[in-house]
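The values are calculated or read from the model by the stated rules, or taken from the named source; none is laboratory data. This is a predicted model, so every value here is computed, not measured. Note: ideal-geometry Cβ built from the backbone for every residue, glycine included; neighbour counts use all protein chains shown. When the accessible area is computed, the model is the full protein with side chains, heavy atoms only, and any ligands, DNA or RNA have been set aside. Shrake-Rupley method; radii C 1.70, N 1.55, O 1.52, S 1.80 Å.
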Amino acid sequence: MLTDGFLGYRTSFMLDFVVCALVIIVPVLCYSLWLAKFKRRYQQHKWLQIALGVILLVAVGAFEVDLQLVHGGWENIVAKSHPEEAALAAKVAESRPYLWVHLLFAVTTPVLWCVTLVLALKRFPNPPTPGPHSRLHKTLGWLSAVDITLTAVTGLVFYYVAFMQ
Ligand code: HEM
């Protein structure tokens, strides 16, 4: 199970783990934004956002170690379901553009997330309440939220094209 994933495809445990994390993160994020926007429960919003950041960091870190160091790249995981050389080359070529689009969002998300989090922790009072930082925080916050959602959606599309078909 640890070498082949648990979602029923010939992937890896950590790849399937990150796919699940990405699916779970989006509704939790929506809940946290709802708490801030409609319930004014800023302290809960703050801790949920910190927790999401830590979970993302740990999940993606472990995933990268597994993908790059243990498997030696995503192509080697595709090779599990496409052992024949020509079929593997065709699958890799077909999947690569989807990966590039995914990476566009996957690389910018941690940067935006980090900036949003650090500025909010520095500039909002403790416990947090709306103030002079609200305007910039809302812009950065919505950008981070859209970015991570697109990271999740494009990641799932890549997973589908590269590993499920
Ligand atoms: C990456 C992490 C975070 C994201 C993506 C995020 C996102 C957001 C978004 C999109 C809103 C605006 C909701 C609306 O339209 O009304 C918001 C509001 C707010 N957030 Fe965050 N947030 C994050 C972290 C934090 C942290 C760490 C704090 C506290 C230290 C915080 C405190 C607040 C407060 C006080 C508001 C209300 C602002 C106002 O209505 O004037 N946020 N957040």
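For the reader, a short list of remarks on this structure follows.
- For segment 62-165, the convex hull drawn through the C-alpha positions has a volume of 105 cubic angstrom per residue.
- Using just its DSSP H runs of length 4 or more, each adding -39500 (n - 2.57), the chain gives a mean residue ellipticity at 222 nm of -26000 deg cm²/dmol after division by all residues.
- Residue-normalised accessible area of segment 13-164, expressed per residue, 1.4 Å probe, Å²: 58
- Taking each residue as 0.36 nm, the span from Ser134 to Glu94 lengthens on full extension beyond its C-alpha to C-alpha distance by 10.1 nm.
- Point-charge dipole on Cβ atoms (K/R +1, D/E -1) for segment 13-164, about Cα centre, debye to 20: 1240
- Extending 7 Å from the Cα toward the beta-carbon at both Arg10 and Ile24 defines two label points whose distance is 2.8 nm.
- FRET efficiency for Val65 and Asn126, using Cβ-Cβ distance with R0 set to 30 Å, rounded to 0.05: 0.30
- Burial order of peptide ranges 80-87, 145-152, 52-59 (average beta-carbon count within 10 Å, highest first): 145-152, 52-59, 80-87
- Centre-to-centre separation between the Cα atoms of segment 97-165 and those of segment 1-76: 13 Å.
- Taking segment 1-132 as the region of interest, the number of lysine pairs whose Cα atoms are within less than 25 Å, with members eight or more places apart or on different chains, is 5.
- Helix runs (DSSP H) in the chain reaching 27 Å along axis by Cα, Kyte-Doolittle at least 0.0: 13-37, 42-64, 85-123, 134-159
- Inter-site label distance for Glu84 and Gln165 at 7 Å from Cα along Cβ, in nm: 1.8
- At full extension, Val115 and Gln44 could sit 23.6 nm farther apart than now, given 0.36 nm per residue minus the alpha carbon distance.
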